[in-house]
Structure formats: C-alpha cells, structure tokens
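The values are calculated or read from the model by the stated rules, or taken from the named source; none is laboratory data. Just so it is clear, the model here is predicted, and its values are computed rather than measured. Cβ coordinates were reconstructed from backbone atoms using ideal geometry, including for glycine residues, and neighbour counts include every protein chain displayed.
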Amino acid sequence: MTELPLAPPAAATTALAASERALLVRRARLLAWSGNAWHLIEFAIAVGAGLAAGSIALIGFGFDSLIEAAAGGVIVWRFAAPRSSSEHAERRAQQLIAATYFLLAIYVGEESVRTLAAGSHPRASWVGIGLAAFTAPTMPLLARAKRCVGSRLNSSATVSEATQNMVCAYLSVALLAGLGTNAFLGWWWADPAAALVIGAVAFREGCETWQGESCCDVC
C-alpha cells in the first residue's frame, strides 16, 4: 500500500504564521519610522517657508506633518514586542490615531476660518509649491504600503494611519492649488477654503477610526 504524505504538524503551521506576522510587524514599524523621518523634514520646510511667506496654510501643513509623525509613533508603540499581539493595544492605538485626526481637523478648520476672516494675503512661496508638488504624489504610495500591511495584520490602527497619509496627500493638493492660485492669480482665499474641506474629511476619518470602521481586507 502506498503511504500518503503526512500533513504538516499544527505546530509547524502555527510557527509559519507567527513568522509571517513577525515579518509584517517589522515592515509596519519600518514604514512608520520611514514616514516619520519624512514628516519631520516636511515640518521644518513647511514651517520655515510659511513663516517667510506669511502663509497660515503652509504653517498649518507643517503642523499637520507633526500630527502625522505622532500617529506614526503610535504605530511604533503599538507593535513593540510586548504589545504586538495585544487586542487592547490595538484598540488604544486606534483611539490615539482618531484623536490625532480630531486635532488636525480642529487646527486646520480654526486656522482656515481665521485666515478667511482676517483677509490675510500671504506672499507667493515657491518652496511651498515645490514641497506640495512632491508630497501630493508620494504620500499615496506610502499610504498604500501601510494599508496593505495593516490589512494583512488585521490592524485597524495601521490602516487608519495609512488613511492619514492619504489625508496629507489631499491636503498637499489643496495647498498646491491654494499657493498656485495665490502666486499666479492672486486668489489669496483659495488655500484656506480648500483646507476647510480637508478638515471636514479629517473629522470624518477620526469618527470612523474611533468606531473601528477603517480596516479593509484588500491591499
């Protein structure tokens, strides 16, 4: 009688799953650290250019970068060794990221309304335009990588942080439109008006993240 091949032991299957999860956790932490390095550079450039041009939108964009760095730090904390499989840590990370969404929405909304009410006319900022033009297409790439890893880990916190990178991309487009129309057409009100829309999107994402609705199943 021909012997049938033995099925792999359950322990081996479990070990393989654990090995794959460990690899994904390392990737999630690496993406978070890489994103944070860029966000800190982005913060320095945006705030410096914003102060030079008197642009509230650019300064706000810089502080948005700090908020994103904080969200990335939450992911690094979430996947530290003692918490890498903790459901409680996952929920806490989700709540902390939701809080950063709310902070972003409040800050962007307040500064936009203040700029519109004051009628401030910022000077053209070519550094800001270059920064926004670079960030707008690159943030979706980072967001997609984080979303893919988060989905495979079944981590709503990681997927939510990826969505925040997409909000950064939208904000970059709004900033580019605002700075561009201000530089070429003199429409000073364009960037705070667009930022109000971004603030509304950030608030919505914060609500969904807090309720745990942000995890997806596909890369």
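Look through the stretch 150-168, keep the residues that are aliphatic (A, V, I, L, M) and within 16 Å of GLY35 (Cβ to Cβ), and return whichever of them is surrounded by the fewest Cβ atoms within 10 Å (Cβ to Cβ). Ranking the candidates gives MET166 first.
The one condition from (1) of a type outside the set (Val, Ile, Thr); (2) surrounded by fewer than 18 Cβ atoms within 10 Å (Cβ to Cβ); (3) modelled with pLDDT of 85 or more that ASN36 does not meet is (2).
So that you can scan it fast, the table gives a plain yes or no per residue for (1) in contact (Cβ under 8 Å) with a residue 12 or more places away in the chain; (2) of a type in the set (A, V, I, L, M, F, W, C); (3) in contact with a Lys or Arg (Cβ under 6 Å, 6 or more places away or on another chain):
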{"residue": "HIS88", "(1), (2), (3)": "no, no, no"}
{"residue": "ALA105", "(1), (2), (3)": "yes, yes, no"}
{"residue": "SER156", "(1), (2), (3)": "yes, no, no"}
{"residue": "SER160", "(1), (2), (3)": "yes, no, no"}
{"residue": "ALA169", "(1), (2), (3)": "yes, yes, no"}
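Evaluate the following for THR135: is it under 14 Å from ALA174 (Cα atoms), modelled with pLDDT under 95 and touching a helix residue (DSSP H, G or I) at 6+ places or on another chain (Cβ under 8 Å)? So THR135 fits the description; yes.
Are any of the residues in the stretch 116-130 within 18 Å of the chain's Cα centre (by Cα), part of a helix (DSSP H, G or I), at pLDDT 85 or above and closer than 22 Å to LEU171 by Cα? Among the residues of the stretch 116-130, not one is within 18 Å of the chain's Cα centre (by Cα), part of a helix (DSSP H, G or I), at pLDDT 85 or above and closer than 22 Å to LEU171 by Cα, which makes the answer no.
Among LEU171, LEU196, LEU141, which is the only one that is surrounded by 24 or more Cβ atoms within 10 Å (Cβ to Cβ), modelled with pLDDT of 80 or more and assigned to a helix (DSSP H, G or I)? Walk me through it before giving the result.
Working: LEU196 fails: surrounded by 24 or more Cβ atoms within 10 Å (Cβ to Cβ); LEU141 fails: surrounded by 24 or more Cβ atoms within 10 Å (Cβ to Cβ).
Answer to the selection: LEU171.
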